[in-house]
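The structure appears right after this line, and notes come after that.
The values are calculated or read from the model by the stated rules, or taken from the named source; none is laboratory data. Just so we're clear, the structure is a prediction, and the values are computed from it rather than from any experiment. A quick note on method: Cβ atoms are made from the backbone with ideal geometry, for glycine too, and the neighbour counts reach across all protein chains shown.
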Amino acid sequence: MWLEEALPAHSPRPEVMIENSIPVLECLDIEKSFGATSVLKRARLTVKTGEIHALLGGNGAGKSTLIRIVSGSIPADGGSVRVAGATDFQQSSIAVVFQELALLPHLTVAENIDLPNRKNGFAPAGGRKPYEAAFNALSQIDGVLAGTVLGTLVADLDLHQRQLVEIARALASGARLILLDEPTANLTFGESERLFAIMRRLARSGISLVIVSHRMNEIRAIADVCTILRDGKTVVDRKPMASIDDEQIVEAMGQKQLTEAEQAKAGPTASRRPAQRVTNATRLALAHGAIRVAAASGDILGLAGAPAGPGTLLDHLTGVRPSSEWEIMRDGRPLRFASPSQAVRAGIGYVTGDRANKGILSSLPILDNIVAATRVARRRLFASAEEVGAASRSLDRLSIKASSIDAMPSSLSGGTQQKLLLARWLDDLPDILVLEEPTRGVDIGTKRDIYDIVRQAAASGAIVVWWSTEFAELAAVCNSVISFDLSGRPVEVLEEGYITEVTLAKATGMAA
Amino acid sequence: MSVLNKNGQNREANVSDIVAAHHSGTAARPALRAGPLVRGFKTYRTEIAIAVAIILIEVVVSLWIPQALSLGNVANVAQAAAPLVIMSLGVLLVVITGGIDLSVGSIFSLTGMVTGLAMSSGGMDWPAACLLGLGVGLAVGAVNGALVTFVGLAPFVVTLITYAVAGSLSFVITNGQSIAILNGDFWLLNSGSIVPGIVNYLFYSIVFIAIAELALRRLVLGRWVYAVGSNDRAARLLGIPVNGVRFSVYVFSGLLASFSSLISLSYISNAETTAGANLMLQAIAACVIGGASLFGGTGSAIGAMLGAVMITVIQNGVNLIGINSFWQGSVTGLVILVAVLVDRVAKVRS
């Protein structure tokens, strides 16, 4: 498989050496409940010096809670956390890099790295020393970055650079253990690769790293050992990656017994070409210079590549920002919208993987979240009783377990929230369903559910446009894929039968 | 070579390139920062633009009324601007943390009434009466700070409450009467000279601006203020004393509003129940003109000072030209609009 060539498995140091090194972190029998819900029951996590440790588990297994306890942001109800053998440890020896980065956007990179080390408010903030401290920390990670961005405001950095700044800050504050919560969720393939190289270098210098990820390929490429949580219990404790295979991992996590690879084989046959059955079929023709693609009802058109290219096309389709480069015809008429609401009314549905910022309406109950799109599409002025019925049907169809339709979305796990976003469009299926990384940060079981839902939507007559950074996913679900190069230009259209992780990697140039 | 540039170019460059570049010295230690002149110009771009705008306004006004640029009128403007400048600095601190202080105008009024009453009916010496007046700002500021920081109420709501209460108290304590100040030496607070050769109101303004500017830019404390406004959750995680910072900015804002009231009172010699009515909006406007964002995280002391001076210069100009003073608010509003539009366009461009 291509991925194994491109991501040479992190050659684990001789096991004996890791096993004999001192545990930098020991969590024993951690218990934690929120109200009546018990989230962690005797969870254990032991991390040794200089190792890269994968912390795995499905959505809701308790990974985030465990991380928050280790980082000291919430207390445990029971059990003990020891760092280098001691229960009274400096909190600064452990640092967490959350997905939602804890940076100060209006301050410079140097200040972000150095400010946490300043305890005396009346001391001068500027000068050479803080700059040098910041430079030293950041150059351990990336020499070029350290030489160029110290005086830049964090707001002006891209996401990958911000992540590196946060890791530098952890190093500057003396962290010996860094926990990374889904660090690659928003990164491109190349950026993830660079991050992994940096992680390996840090591990060699004796820093321990814990990584949470849902991507099996990545875990294989980067981790030495893994710990797996399931329903708040540690079901696999410190197992070397070499002695556990993918199926065992998936099984331990309690996911449906089907790996992504198998599913890729099993998936397509069922519902790839139902277009013939659909009456009133929509036809879509996309053109960008020499690249021309046609899609009809029932097709799933994939977009592969760095965000720039697919982003432009998605923005055009959803009415966020029309693009002058794309010429898109729908049933022979040009498709171009002045606003997202116009697009929605014209039968374009949009689902994002960026739930917090572009998806969930967090202060409105589940009901309003589901009917939000229909209300726009049908120009409803008043909330109606029939909406309740429609919303309940959608929840049932997706087997979303919510305590009530009036509950807040925050009461659902991340993966379920993602299904909620899809539910928006199912009762009144749009002609074109635009998906922007819809499986970002969801576990393998939920991913499978999402694949099924989307295939059904296509089978019922929608054209699905799907952007994903996971090539395995595109290979599994798409009829054709437009690949974009790194500058955002479409370069090639891959047709069914030729869509594999290898061809996608070559076509997008993201194998670097 | 910018391997990680924002446009996504050169993404194919890999880690070994970076490391190699680092070791070969091409990337090692370029100048860590630009030269001081360039840096100064970049840092103070907004401030320089406002200063130029102020000079332009003055020049345009002087085309009509030549004495606009006379020493006497400039001194007038400085005298009129001093209380607003000082009040704006306090409001600025709150605005940088992402809050707002609507109570400063009422603090200004109440301080005047309390101080006036202490001197006239209370028969106090003026320094003692002034300390009492500062107590008003301290008390209201502390209430604001405590409710925002420790109770967690929204700054807008909290300071709306203290605005209403302090505003009404300034009527209550004298039953709505204004107080004439007859104390012989009180004028010295504003127009005397602590430092020979510099009149006091100018001296206070300069000292406060210098302290605020240096503290905000050069002290860890000042960077904490920006940190709280930039992302308070992150700031808390980093161990920055968010509560202390937030509480303090409201106290400082109250104290500075009281102090600005005292120097104004010392000049006018008459305590009015509604003396500060217009000042709250002007102080917030001064911060915004000076580049502060009401979302927090940005703003500068020199910017706020220049914003306050600009508002005063416009009022002065409108007066000199002889436009009905009812138009002042409209003109000021337009200027704020232009200022934020220019700022917005500059941001979009960059």
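In table form, for the structure just shown:
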quantity: Candidate set: region A:298-355, residues that are more than 21 Å from the chain's Cα centre (by Cα) and of a type in the set (S, T, N, Q); chosen: the one nearest to A:ILE366 (Cα to Cα); calculated: A:SER341
quantity: Residue within region B:166-183 that is closer than 21 Å to B:LEU84 by Cβ and within 14 Å of chain A (Cβ to nearest Cβ) present; calculated: no
quantity: Test result for A:GLY35, touching a residue at least 12 places away in the same chain (Cβ under 8 Å) and outside the structural domain of A:ARG169 (by TED's automatic domain parsing); calculated: no
quantity: Top-ranked residue in region A:91-120 [being in a loop (DSSP other than H, G, I, E, B) and facing chain B (nearest Cβ under 7 Å); ranked as nearest to the chain's Cα centre (by Cα)]; calculated: A:ALA102
quantity: Any hit, region A:67-89, residues being crowded, with 17+ Cβ neighbours inside 10 Å, away from every other protein chain (no Cβ under 14 Å) and among the hydroxyl-bearing types (Ser, Thr, Tyr); calculated: no
quantity: Set B:LEU182, B:LEU160, B:LEU153: member being hydrophobic (A, V, I, L, M, F, W, C), surrounded by 13 or more Cβ atoms within 10 Å (Cβ to Cβ) and not in a helix (DSSP H, G or I); calculated: B:LEU153
quantity: Single match in A:ALA133, A:ALA155, A:ALA123 (criterion: more than 11 Å from chain B (Cβ to nearest Cβ), surrounded by fewer than 20 Cβ atoms within 10 Å (Cβ to Cβ) and of a type in the set (A, V, I, L, M)); calculated: A:ALA133
quantity: Failed condition for A:ILE405, given (1) farther than 27 Å from A:GLU182 by Cβ; (2) in a helix (DSSP H, G or I); calculated: (2)
quantity: Residue identified as surrounded by 22 or more Cβ atoms within 10 Å (Cβ to Cβ) and within 14 Å of chain A (Cβ to nearest Cβ) among B:GLY299, B:GLY307; calculated: B:GLY299
quantity: Test: A:LEU150 is in contact with a strand residue (DSSP E or B) (Cβ under 9 Å, 6 or more places away or on another chain), at the interface with chain B (Cβ under 7 Å from one of its Cβ atoms) and farther than 15 Å from B:LEU221 by Cα; calculated: yes
quantity: Pairs with Cβ under 6 Å, 6+ apart, first in region A:87-112 and modelled with pLDDT under 85, second assigned to a loop (DSSP other than H, G, I, E, B); calculated: A:GLN91/A:GLY72; A:SER92/A:SER173; A:SER92/A:GLY174; A:GLN99/A:GLU182; A:GLN99/A:ALA185
quantity: Some residue of region B:270-280 being surrounded by fewer than 21 Cβ atoms within 10 Å (Cβ to Cβ) and either within 14 Å of another protein chain (Cβ to nearest Cβ) or free of Cβ contacts under 8 Å to residues at least 60 places away in the same chain (or both); calculated: no
quantity: Checking A:LEU195 against (1) surrounded by fewer than 21 Cβ atoms within 10 Å (Cβ to Cβ); (2) under 30 Å from A:THR439 (Cα atoms); (3) free of Cβ contacts under 8 Å to residues at least 60 places away in the same chain; (4) more than 8 Å from every other protein chain (Cβ to nearest Cβ), the condition it does not meet; calculated: (1)
quantity: Flag for B:VAL338 being surrounded by fewer than 24 Cβ atoms within 10 Å (Cβ to Cβ), hydrophobic (A, V, I, L, M, F, W, C), in the same structural domain as B:VAL104 (by TED's automatic domain parsing) and free of Cβ contacts under 8 Å to residues at least 40 places away in the same chain; calculated: yes
quantity: Members of region A:482-507 found to be surrounded by 20 or more Cβ atoms within 10 Å (Cβ to Cβ) and more than 19 Å from A:SER323 (Cβ to Cβ), listed by number; calculated: A:LEU494, A:ILE499, A:GLU501, A:LEU504, A:ALA505, A:ALA507
quantity: Close pairs from region B:215-230: first within 16 Å of A:VAL109 (Cα to Cα) and at the interface with another protein chain (Cβ under 7 Å from one of its Cβ atoms), partner hydrophobic (A, V, I, L, M, F, W, C) and surrounded by fewer than 20 Cβ atoms within 10 Å (Cβ to Cβ), Cβ under 8 Å, at least 6 apart; calculated: B:VAL220/A:PHE122; B:VAL220/A:ALA123
quantity: Enumeration of residues in region B:314-339 that are on the phi < 0 side of the Ramachandran plot, of a type outside the set (A, V, I, L, M) and assigned to a loop (DSSP other than H, G, I, E, B); calculated: B:ASN324
quantity: Lone qualifier among A:LEU171, A:LEU164, A:LEU145, A:LEU180 - being surrounded by fewer than 23 Cβ atoms within 10 Å (Cβ to Cβ), out of contact with any Gly (no Cβ under 9 Å at 6 or more places or on another chain), touching a residue at least 12 places away in the same chain (Cβ under 8 Å) and not in a loop (DSSP other than H, G, I, E, B); calculated: A:LEU171
quantity: Count of residues meeting criterion [exposed (fewer than 15 other Cβ atoms within 10 Å of the Cβ), within 30 Å of B:ARG39 (Cα to Cα) and at pLDDT below 95] in region B:185-231; calculated: 1
quantity: Identity of the residue in region B:237-252, more than 8 Å from chain A (Cβ to nearest Cβ) and in contact with a Lys or Arg (Cβ under 9 Å, 6 or more places away or on another chain), that ends up surrounded by the most Cβ atoms within 10 Å (Cβ to Cβ); calculated: B:VAL242
quantity: So B:GLN315, is it surrounded by fewer than 22 Cβ atoms within 10 Å (Cβ to Cβ), touching a residue at least 60 places away in the same chain (Cβ under 8 Å) and away from chain A (no Cβ under 14 Å); calculated: yes
quantity: Number of positions in region A:293-310 that are farther than 23 Å from A:THR374 by Cβ and either part of a loop (DSSP other than H, G, I, E, B) or without any contact (Cβ under 8 Å) to a residue 60 or more places away in the chain (or both); calculated: 5
quantity: The one condition in (1) more than 9 Å from chain B (Cβ to nearest Cβ); (2) more than 28 Å from B:GLY299 (Cβ to Cβ) that A:HIS160 fails to fulfil; calculated: (1)
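Let's see how each residue does on (1) at pLDDT 80 or above; (2) assigned by TED's automatic domain parsing to the domain that holds B:ASN316; (3) buried (at least 16 other Cβ atoms within 10 Å of the Cβ); (4) not in a helix (DSSP H, G or I):
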residue: B:THR26; (1), (2), (3), (4): no, no, no, yes
residue: B:LYS42; (1), (2), (3), (4): no, yes, no, no
residue: B:GLU47; (1), (2), (3), (4): yes, yes, yes, no
residue: B:ILE50; (1), (2), (3), (4): yes, yes, yes, no
residue: B:ALA53; (1), (2), (3), (4): yes, yes, yes, no
residue: B:ILE57; (1), (2), (3), (4): yes, yes, yes, no
residue: B:VAL60; (1), (2), (3), (4): yes, yes, no, no
residue: B:LEU63; (1), (2), (3), (4): yes, yes, no, no
residue: B:GLN67; (1), (2), (3), (4): yes, yes, no, no
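For (1) at pLDDT below 90; (2) touching a strand residue (DSSP E or B) at 6+ places or on another chain (Cβ under 9 Å); (3) crowded, with 22+ Cβ neighbours inside 10 Å, each residue gets a yes or a no:
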| position | (1), (2), (3) |
| --- | --- |
| A:LEU3 | yes, no, no |
| A:LEU7 | yes, no, no |
| A:GLU19 | yes, yes, no |
| A:PHE34 | yes, no, no |
| A:THR49 | no, yes, no |
| A:ALA54 | no, yes, yes |
| A:GLY57 | yes, yes, yes |
